[in-house]
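Enquirer: Quick one: the structure is below, questions incoming.
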Amino acid sequence: MRSFLTLADLDVEDRTVLVRSDLNVPIENGRVTDDFRLRATSPTIALLRDAGAAVVVCSHLGRPGGRVDEELRMAPVASALSGIGGFPVASAVDTVGPDARDLVAQAEAGDVVLLENTRFHPGETTNEAGLAAALAELADLFVLDAFGSAHRAHASTAGVTDHLRSAAGPLLVRELEAFRTLMDDPPRPFTVLLGGAKVSDKLPLIRALLPAVDAMLVGGGMCFSLLAADGYEVGDSLVEPDYFDTLAEILRGELGDRLVLPVDIVAAGRFAPDATATTLDAASMGEDSMGLDIGPRTTERFAEVIAGSAAVFWNGPMGVFEWESFRSGTAAVAQAVAASNAFTVAGGGDSVAALRMLGRESDLDHLSTGGGAGLELLQGRVLPGVKALERWSR
Ligand code: AMP
């Protein structure tokens with residue numbers, strides 16, 4: 001039994017439906033450079049059109065900080081979404097102002113209107129009642145499809161549910177189901193592969209997940225704080241010394257041997273794309289080495305564990321994968337996850353980007369559109385956006 005309504009519970013014919021999507025995509029020179037999130041949510045919009053709804057879509061884009069930022073307008077997203085969905089998208093120049101209201105008033109069944117960036121309003125992130133009410137006034141029903149934003153109680157994710165009968169969109173439902181499989185009774189062995197820059201970002205997750213996993217493989221910048229806490233010299237690698245004591249406690253604790261750290265490292269003398277890359281044993285790093293990727297023996301070890309797993313969750317790159325010399329670790333684990341027969345889920349922009357770069361995105365059971373939201377679910381938290389939908393289930 002679900003605790004919220006889904007699209008099947010809404011009668012959308014000849015109604016105006018507000019959809020909160022996650023259209024927060026990278027834009028360079030007025031063009032969308034990665035359309036993964038648009039592809040993921042556009043079927044929801046298509047479904048509503050086909051069912052005879054007028055669809056009003058809203059999303060945030062970047063971090064304009066409550067002010068209009070010309071670089072973060074939704075117009076390029078509107079044209080990319082239209083290209084992907086194969087339907088026209090009318091782009092409003094404001095979110096709840098006269099242009100939005102006019103376009104929505106003129107919209108008929110099957111039309112799609114995209115509102116301007118919700119974060120141009122300071123009331124979005126503070127979940128201000130006035131903004132939520134103004135958004136709700138544009139429509140008859142609300143669909144939350146933005147998994148990537150559902151861990152925030154904002155006006156467009158949670159506030160609008162005060163006013164409109166609300167349901168979860170198909171993308172949100174799919175995301176929640178994938179994470180539920182990992183959390184409730186994961187096939188075993190269950191392996192979690194973590195990377196990314198900062199160990200402080202992932203510390204609550206490490207604590208929460210260690211009891212639930214069989215192995216936790218760690219690469220990326222965050223592995224150096226763990227190696228340092230374990231007594232290794234890590235030179236100039238990225239570290240957060242404030243966390244060494246806590247990490248040492250975890251490593252020496254009862255579950256510490258579930259953590260698998262790199263045995264070799266690709267290091268450089270400086271943080272630059274053209275720095276000379278040298279492979280070193282993790283135990284042989286010098287004072288001036290800077291670890292920027294995991295080494296080939298580590299990659300092989302990680303790949304073996306992944307191949308022997310029945311469930312795998314991956315979040316975060318193994319190194320500075322943006323630079324070719326430090327990409328091998330991330331590319332190799334991406335291949336290993338894609339080739340695995342396990343139930344596989346990847347989340348976070350970089351992991352998904354790496355899989356897409358290799359053309360392996362369709363080889364996973366689930367590619368998540370959310371980074372932070374997935375990590376919060378895995379820590380056992382209820383997402384505020386999902387919680388807000390629950391009032392409509394009764
Ligand atoms: P996050 O946002 O925490 O997922 O971190 C992603 C970023 O971590 C990417 O931009 C990577 O370049 C960076 N990163 C990964 N490994 C390292 C490393 N060893 N040193 C510095 N940065 C890293």
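Enquirer: Mind checking Rg over Rh on the range 318-394, alpha carbons, Kirkwood formula for Rh?
Expert: Value, to two decimals: 1.11.
Enquirer: State the answer as a single residue: which of H163, L367, F271 lies farthest towards the positive end of the charge dipole of the chain, with beta carbon charges of +1 for Lys and Arg and -1 for Asp and Glu, about the Cα centre.
Expert: H163
Enquirer: Okay, moving on. Counting C-alpha atoms alone, how compact is the range 116-183: give Rg to one decimal and Dmax as a whole number, in angstrom.
Expert: In order Rg, Dmax, the Cα atoms of the range 116-183 give 12.7, 38 Å.
Enquirer: Spin-label point model (7 Å from Cα, Cβ direction): what's the D242 to A283 distance in nm?
Expert: My value for the distance between the label points is 3.3 nm.
Enquirer: Let me ask another. Using alpha carbon centroids, what distance separates the range 24-74 and the range 81-127, in Å?
Expert: Using only Cα atoms, the two centres lie 9 Å from each other.
Enquirer: What distance in nm lies between label points placed 7 Å from Cα along the C-beta direction at A208 and S79?
Expert: 4.0 nm
Enquirer: Oh, and also: What is the antiparallel percent of DSSP beta bridges lying wholly in the chain, to the nearest 5?
Expert: Once the DSSP bridges in the chain are tallied, antiparallel ones form about 20 percent.
Enquirer: Taking just the alpha carbons, could you work out the radius of gyration and Dmax for the range 1-123, both in angstroms?
Expert: Rg and Dmax of the range 1-123, Cα atoms, are 14.2, 46 Å.
Enquirer: Work out the P(r) tail for the chain: percent of alpha carbon pairs separated by more than 38 Å, whole number.
Expert: Value for the chain: 25 percent of Cα pairs lie more than 38 Å apart.
Enquirer: If you put +1 on each Lys and Arg Cβ and -1 on each Asp and Glu Cβ, how big is the dipole of the range 214-288 around its Cα centre, in Debye rounded to 20?
Expert: 160 debye
Enquirer: Take each complete run of DSSP H in the chain, measure how far its Cα atoms stretch along the helix's own axis, and keep only those covering 18 Å or more with mean Kyte-Doolittle hydropathy at least -1.0; list them.
Expert: 36-50, 170-184
Enquirer: Could you tell me the distance between the Cα centroids of the range 319-382 and the range 216-249, to the nearest Å?
Expert: 22 Å
Enquirer: Taking the Cα centre of the range 282-342 as origin, work out the dipole magnitude from +1 charges on Lys and Arg Cβ and -1 charges on Asp and Glu Cβ, in debye rounded to 20.
Expert: About 260 debye.
Enquirer: Here is a further query. Under a crude label model (7 Å from the Cα following the beta-carbon direction), how far is V68 from R165 in nanometres?
Expert: If labels sit at V68 and R165, their model points lie 3.7 nm apart.
Bear in mind that the values in this text are calculations on the coordinates, not laboratory data. In this text the structure is predicted, and so the values were computed from the model without any measurement. Don't worry about glycine lacking a Cβ; one is built from the backbone with ideal geometry, like all the others, and counts go over all protein chains shown.
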